[in-house]
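What follows is a short report on a single structure.
The values are calculated or read from the model by the stated rules, or taken from the named source; none is laboratory data. None of the values given here were measured: they were computed from a predicted structure. FYI the Cβ positions are ideal-geometry reconstructions off the backbone, even for glycines, and counts take in every protein chain you see. With ligands, DNA and RNA removed, areas are computed over all heavy atoms of the protein, side chains included. Shrake-Rupley method; radii C 1.70, N 1.55, O 1.52, S 1.80 Å.
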Amino acid sequence: MIGLTPEQRDRLSDKLADAANLALGGLVFGQFLADRPFSVLIGICGFAAWATLLVFAMLLGGNRR
């Protein structure tokens with residue numbers, strides 16, 4: 001396992017949450033800007049990527065007391 005300092009873990013956790021929001025925006029909301037019809041499969045993949053990255057961000061962030 002990579003040894004990260006608490007500051008590095010906080011930064012990585014924050015950036016994973018940002019990446020989750022970009023995945024959701026690109027794969028779900030971006031479809032409304034395209035000239036193609038909405039794809040349910042791509043939408044589900046967007047929500048799955050969002051949820052997965054947020055879970056990893058929460059696990060990496062740990063307890064912040």
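Structure above, values below:
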quantity	calculated
Yes/no for Phe32 being crowded, with 16+ Cβ neighbours inside 10 Å, at pLDDT below 95 and among the aromatic types (Phe, Trp, Tyr)	no
Test result for Phe47, modelled with pLDDT of 90 or more, aromatic (Phe, Trp, Tyr) and surrounded by 12 or more Cβ atoms within 10 Å (Cβ to Cβ)	yes
Unmet requirement for Asp10, which otherwise passes all of (1) open to solvent by 40 Å² or more (accessible area, probe 1.4 Å); (2) without any contact (Cβ under 8 Å) to a residue 12 or more places away in the chain; (3) part of a helix (DSSP H, G or I)	(2)
